[in-house]
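S.K.: I am attaching a structure below and will ask some questions about it afterwards.
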Amino acid sequence: MPGASGDVPEEGASSALSGPERTVLVALRDAEALPLEEEELGRRTGLGPDQVRGSLQRLRSKHLAVVEEEHETSRRLTPRGETALAAGLPERKFLSLLERAPQGLTPEAVSAAGLSDEERSAAIGILRRRGRLEDGLPFRLRAVPGESPSLLPEEVVLKQVARGEEQVDEAIFAVLERRGLVREEHHSVKRWAPSEEGRRWTLGPEGEELLGAVRPEWIVSGAWKGRSFRPYDVRAEVPFLQGAVPHPYVAWLEEFEEILLGLGFEQAEGPLLETEFWNNDVLFMPQDHPARSVHDALSVEGVRGRPPPADLLARVAAAHEGRPLPGESTALGPGWPSRYDARIAERSVLRSQTTAVSARFLARGPEPPFRMFSLDRNFRREQVDASHHLEFHQCEGIVGADGMSLRELVGLFRALAAAIGIREMKIRPSYFPFTEPSIEGYVRHPRLGWIEVFPGGVFRPEVTRPLGVTVPVIAWGIGVMRLAMVALGCNDIRDLFSDDLAALRGGGG
């Protein structure tokens, strides 16, 4: 039992304790057998449990008392177990009925004898697992060699627990616990003793009133003069207060934004509630093609979106149907087989990709060269697991200028990975409806392995030309949540939304 260290100041030592603290310390010092439990101290001092407990904690903070804490486990019968012990277990009742009816019993006869359906089902299952019942109906006992006709194993354990015995058959106890007949109770017992400093502490006259602080009215009236004050203990523990800090994931997002701003990108935003036009149609995703299910957008019923400008809608429709754009003679491509439906374009959805922000940005007619990014939330109907979530952040970005190609996009991905400390990355070809060619960049997570975080490509003419853009545009939609998992050492994407203060502070430090 460790004691408190340090010398005791002689002056003012007698004025450092309150009345209950003094009483408890005296009881500890006078005890012949130590340590003492809190209940025993209450009996010796006549103080209530709260007074004893509070006084002991304060004595401990003043290094005058030390404590030993022992965790104990006891086994008890539950109320159901007490009833079963007194009235008999269901299997015992069933056995007794069958022993009195060697010809067998029907289910109706068992119920008429007073056994409930629940008790009968439980008894049948237990006795059949032990081979004590013949198969089929009526219910008949089967002779089992070596089976004791006296007590069942469950009855033996119930009686042992009722007597307070700790050495019981653990397997049978576990079965009874699952049946709600017994339980294990865990509690801690604290035993106290005076520290070496507490034994040496000089106790002043009993009943002396001590002051802990000076009140303003005492200063004015002079009532503080001649009074004794409790000394200030510089060793006393004080609460640790930690100021507000940003959420680690939010701080990481802000850092990623600063990297892109430092590379000369302009930041843009768009609405979370989008229309099918901006979320899909303008990106040359066919209205009836399975590729649209890749995003599995969450639709919003009862809300009609605002239609796009008529001239833009006409150009997008022409691209979808493989017709020349208005005022041009040659089609951009074969388009999609189905007819374009302007009514679908007005449907409302929760934004499934920040590429919609890029489309809105390009529709404003930026002057090349231009660089834009958007780091914001999106929503998809995902199965939530360690690397997927219904709500996720995506960093959309585009660069438009003469000469832009896949080579520049790969270089940009590598530069962004290096800027946040990721050195290992691999890239492979991919497919997206609105970029051609398309690629996917993967980074290695220590536990989850290779995860895809850098999808991108070069916008197809069917995307850029209806928006009035004539220069090549490279585009990407970085999965920043997965990227943050690698950078922050997080093994589950759900932890990025954690509100556990102890975890966010690194274990509560």
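The values are calculated or read from the model by the stated rules, or taken from the named source; none is laboratory data. Computed from a predicted structure; not experimentally measured. Cβ sites come from the backbone with ideal geometry, for glycine too, and all protein chains shown count toward neighbours.
S.K.: Do we find a residue being over 26 Å from Leu375 (Cα atoms) and either in a helix (DSSP H, G or I) or modelled with pLDDT under 85 (or both) anywhere in the stretch 291-302?
M.R.: Yes: one or more hits.
S.K.: Now a separate question. Filter the stretch 418-467 down to residues that are within 15 Å of Arg482 (Cβ to Cβ), surrounded by 14 or more Cβ atoms within 10 Å (Cβ to Cβ) and in contact with a strand residue (DSSP E or B) (Cβ under 8 Å, 6 or more places away or on another chain), then give me how many there are.
M.R.: Number of matching residues: 14.
S.K.: Of the conditions (1) on the phi < 0 side of the Ramachandran plot; (2) touching a helix residue (DSSP H, G or I) at 6+ places or on another chain (Cβ under 7 Å), Gly421 satisfies every one except a single condition; which number is it?
M.R.: For Gly421, the exception is condition (1).
S.K.: Checking the condition farther than 26 Å from Glu258 by Cβ and without any contact (Cβ under 8 Å) to a residue 40 or more places away in the chain, which residue from Pro461, Pro466, Pro437 passes?
M.R.: So the residue among Pro461, Pro466, Pro437 that is farther than 26 Å from Glu258 by Cβ and without any contact (Cβ under 8 Å) to a residue 40 or more places away in the chain is Pro437.
S.K.: When the stretch 186-219 is examined, which residues are found to be more than 26 Å from Ala33 (Cα to Cα) and at pLDDT 80 or above?
M.R.: Across the stretch 186-219, the qualifying residues are Arg215, Pro216, Glu217, Trp218, Ile219.
S.K.: Assess whether Leu272 counts as being of a type outside the set (D, E, K, R), at pLDDT below 90 and over 25 Å from Leu390 (Cβ atoms).
M.R.: No: the conditions fail for Leu272.
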